[in-house]
Amino acid sequence: MGLQVNGKTLDTDEEGYLSNLSDWEPEVAQVMAEADECDLTENHWEVINFLRSYYEEYQIAPAVRVLTKAIGKKLGKDKGNSRYLYQLYPYGPAKQACKYAGLPKPTGCV
Amino acid sequence: MAKPAFETPRIPDFPEIPVIVEGAMAHSRPFVAAPDHQEALGFPGELVDDWHDTAIAKMGEMLGKYRGLRVFLDSCVKCGACTDKCHYFLGTSDPKNMPVARQDLLRKVYRRHFTLAGRLFPKLVGAADLTEEVLEDWYRYFHQCSQCRRCSVFCPYGIDTAEVSMAGREILASIGLGQKYSNEIIGKVHKIGNNLGLPQPALADTLEGLEEDVEDDTGVSVRFPLDEAGAEVLLVTPSADFFAEPHVDGLIGYGKVFHQAGIRWTLSTKASEAANFGLFIGSYENMRKVARRIREAALELGVKRIVFGECGHAWRVAYSFLHTLAGPFDFLDPRYPVPQHIIEVTHDLIRRDALTLDRSANDERRITFHDSCNVARASRMGDTPGGQFTLPREVLRAVCNHFFDMAPDTTGESTFCCGGGGGLLTDDLVELRVKGALPRMQAFKEVVERNQVTHIAAICAICKSQFAKVLPYYGFEMDQILSVHQLVGDAIVLGGND
């Protein structure tokens, strides 16, 4: 499996998540979003950027509450909830947004 | 993330037994585990060259070890009582999802190699060789069983299809064909301590955030301690409780119960997972290794009690197998059950009037309860038979004014699986999960229409994630699933305990 970005083929797993976190660049998110017919707005990018910085610090995606709280602080309290995040990422913020951010898919009973 | 290419079943007015459609789910096949996920668990990285002989030898070894397996393979009389009891058959119409047909996938090979008649006259006794085609059927259809054991309730011989599908999966893993979802997760438990791979700093940060949230919401400082030696209780809970919704609201509920009861408790990094997927893949060795972390954590922290959070199969492993897998637990306080379920803790406190509860806090909600299969059919709570059914309901009735049960043939011992249990809670099986949820969704729809029920409450992390995923396919909202301890937490009157 692979993802074509800027003339390069990036290695991905069966579900299209990047195999190597270090392969990520903003165009990766663009290409993935286009395939899902999703327009990336500034608010989408807030989520992606937060996921990446959290992952860099903790080597794991943030828990849903951690994410909603952080987004609420950045974008306003009315947006700090899962309902809003599901509007942005209808396939689920934990999975779809992690994928765009180049993070591995969260595993477990989630 | 393409939109799923299947149709969500229509919910009929009355439960219907479908007309069979041969091969309807023959395309459903979860991802195979990668070599590193296999090897971390002690299995070969990929399909071994002599897979046929290795598989038969493995079957022989298991027949020698597990007497039940041989009895289950020998005793079926093809009466048909199980055929319409499986949620995956009811939702998919695929005849290989009839429990007897699922068992027969293993049974025909067993007869060919381990019975005299099958060796001499295979065709006369339904014996067959393990061909590539049969092996492929094993992989597909042993991953279309959530090991919920509903069929075994109706089998006059008590044949346990879960044991058969676990055995099938163990053989598959041991020849190199493990399932990615379960095996990757078990590897993370061995390496990091939980299914998510949540390391200690992230766990500590998450719990600190919860303390802030609860204080913001209630004005009371409720603690969510991690690795605190000398606590009385070690809480072992599914890592989804740290990560996902509605699970985390249940964790907040446990914290409020301990706070209000004045019980000093702690979580543990080492045992930061209640789930034990070793059960799902039928691997005693992996199940044992996962279970032993709990004993080690309890000893290191010097706790007196072990309490399990809301996780269905974890409670089966804990209640039924923990002493054998990881005992003895003679260092714990013998006045309490070893192990104890969080529902038992809360139930006992309610019975002793040790919690102040305001039911009206949940008045906006009309609740029903989903009995999770592993709690319902493989464990107990309290000290009377059927306590696993009565205790959660008594807790719910104590914390909300509007409680309604679903139809009796879909609850208690006859409960229908959520559709995502047994290691099938993965996106590569979403069609199976949606279709397998049909009987539960039908029963839910009925109480929604009859009693204006708004929410379904559960005590299993898998059930909660599965319902959040499948409810929208049937026209409901994803947030109509709640943790039982969320309802408890919302009703508890905090304070007077500082």
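Out of (1) surrounded by 14 or more Cβ atoms within 10 Å (Cβ to Cβ); (2) closer than 26 Å to B:Gly187 by Cα; (3) more than 11 Å from chain B (Cβ to nearest Cβ), what's the single condition that is false for A:Ser22?
(1)
Exactly one of (1) farther than 14 Å from B:Ser283 by Cβ; (2) of a type outside the set (Phe, Trp, Tyr); (3) touching a Lys or Arg at 6+ places or on another chain (Cβ under 8 Å); (4) in a helix (DSSP H, G or I) is unmet by B:Val189. Its number?
In the conditions (1) farther than 14 Å from B:Ser283 by Cβ; (2) of a type outside the set (Phe, Trp, Tyr); (3) touching a Lys or Arg at 6+ places or on another chain (Cβ under 8 Å); (4) in a helix (DSSP H, G or I), B:Val189 misses (1) alone.
Only one residue in B:Glu477, B:Glu449 is within 14 Å of chain A (Cβ to nearest Cβ), surrounded by fewer than 24 Cβ atoms within 10 Å (Cβ to Cβ) and out of contact with any His (no Cβ under 8 Å at 6 or more places or on another chain), so which one is that?
Answer to the selection: B:Glu477.
Of all helices (runs of 4 or more DSSP H) completely enclosed by the range B:102-175, which ones contain at least 1 residues that are of a type in the set (Val, Ile, Thr) and surrounded by 23 or more Cβ atoms within 10 Å (Cβ to Cβ)?
Where helices (runs of 4 or more DSSP H) fall fully within the range B:102-175 and carry at least 1 residues being of a type in the set (Val, Ile, Thr) and surrounded by 23 or more Cβ atoms within 10 Å (Cβ to Cβ), they are B:161-174.
If you check B:Ala437 against the conditions, is it surrounded by 24 or more Cβ atoms within 10 Å (Cβ to Cβ) and over 17 Å from B:Glu310 (Cα atoms)?
yes
Quick test for you: out of B:Met441, B:Met406, pick the one residue that is under 24 Å from B:Cys151 (Cα atoms), part of a loop (DSSP other than H, G, I, E, B) and more than 14 Å from chain A (Cβ to nearest Cβ).
B:Met406
Is it the case, given these coordinates, that A:Gly16 is within 9 Å of another protein chain (Cβ to nearest Cβ) and out of contact with any His (no Cβ under 6 Å at 6 or more places or on another chain)?
Judged against the criteria, A:Gly16 is a match.
Within the range B:221-228, is even one residue buried (at least 21 other Cβ atoms within 10 Å of the Cβ), aromatic (Phe, Trp, Tyr) and not assigned by TED's automatic domain parsing to the domain that holds B:Leu471?
no
Any residue at all in the range B:385-396 that is assigned to a loop (DSSP other than H, G, I, E, B) and surrounded by fewer than 18 Cβ atoms within 10 Å (Cβ to Cβ)?
yes
Would you say A:Lys105 is in a helix (DSSP H, G or I), at the interface with chain B (Cβ under 9 Å from one of its Cβ atoms) and touching a Lys or Arg at 6+ places or on another chain (Cβ under 8 Å)?
no
Failed condition for B:Ser360, given (1) in a loop (DSSP other than H, G, I, E, B); (2) over 21 Å from the mean Cα position of the chain (by Cα); (3) modelled with pLDDT of 95 or more, with all others met?
If we test B:Ser360 against (1) in a loop (DSSP other than H, G, I, E, B); (2) over 21 Å from the mean Cα position of the chain (by Cα); (3) modelled with pLDDT of 95 or more, just (1) comes out false.
For the range A:61-89, how many residues are without any contact (Cβ under 8 Å) to a residue 12 or more places away in the chain and within 16 Å of B:Ala244 (Cα to Cα)?
Number satisfying all stated conditions: 5.
Identify all residues within the range B:257-286 that are surrounded by fewer than 22 Cβ atoms within 10 Å (Cβ to Cβ) and either among the small types (Gly, Ala, Ser) or farther than 30 Å from B:Gly219 by Cβ (or both); write none if there are none.
Within the range B:257-286, B:Ala261, B:Gly262, B:Lys270, B:Tyr284, B:Glu285 qualify.
Please verify whether A:Ala61 is within 23 Å of A:Ala35 (Cβ to Cβ), more than 8 Å from every other protein chain (Cβ to nearest Cβ) and assigned to a loop (DSSP other than H, G, I, E, B), treating the condition exactly as stated.
yes
Within the range B:19-31, can one find any residue that is within 14 Å of chain A (Cβ to nearest Cβ) and outside any loop (DSSP other than H, G, I, E, B)?
no
Of a type in the set (S, T, N, Q) and more than 14 Å from chain A (Cβ to nearest Cβ), is that true of B:Asn276?
In short, no.
Taking the conditions exactly as written (under 20 Å from B:Val338 (Cβ atoms) and modelled with pLDDT of 95 or more), does B:Glu232 satisfy them or not?
yes
Scanning the range A:72-101 for residues that are part of a helix (DSSP H, G or I) and facing chain B (nearest Cβ under 9 Å), which turns out surrounded by the fewest Cβ atoms within 10 Å (Cβ to Cβ)?
My answer is A:Arg83.
Please specify each residue of the range B:424-438 satisfying the condition of being part of a helix (DSSP H, G or I) and more than 14 Å from every other protein chain (Cβ to nearest Cβ).
Answer for the range B:424-438, where residues must be part of a helix (DSSP H, G or I) and more than 14 Å from every other protein chain (Cβ to nearest Cβ): B:Glu431, B:Leu432, B:Val434, B:Lys435, B:Gly436, B:Leu438.
How many residues does the range B:192-209 hold that are part of a helix (DSSP H, G or I), more than 7 Å from every other protein chain (Cβ to nearest Cβ) and not acidic (Asp, Glu)?
Count: 4.
The values are calculated or read from the model by the stated rules, or taken from the named source; none is laboratory data. Note that this is a predicted model, so its numbers are computed, not measured. Here the Cβ is made from the backbone with ideal geometry for all residues, glycine too, and neighbour counts use every protein chain on show.
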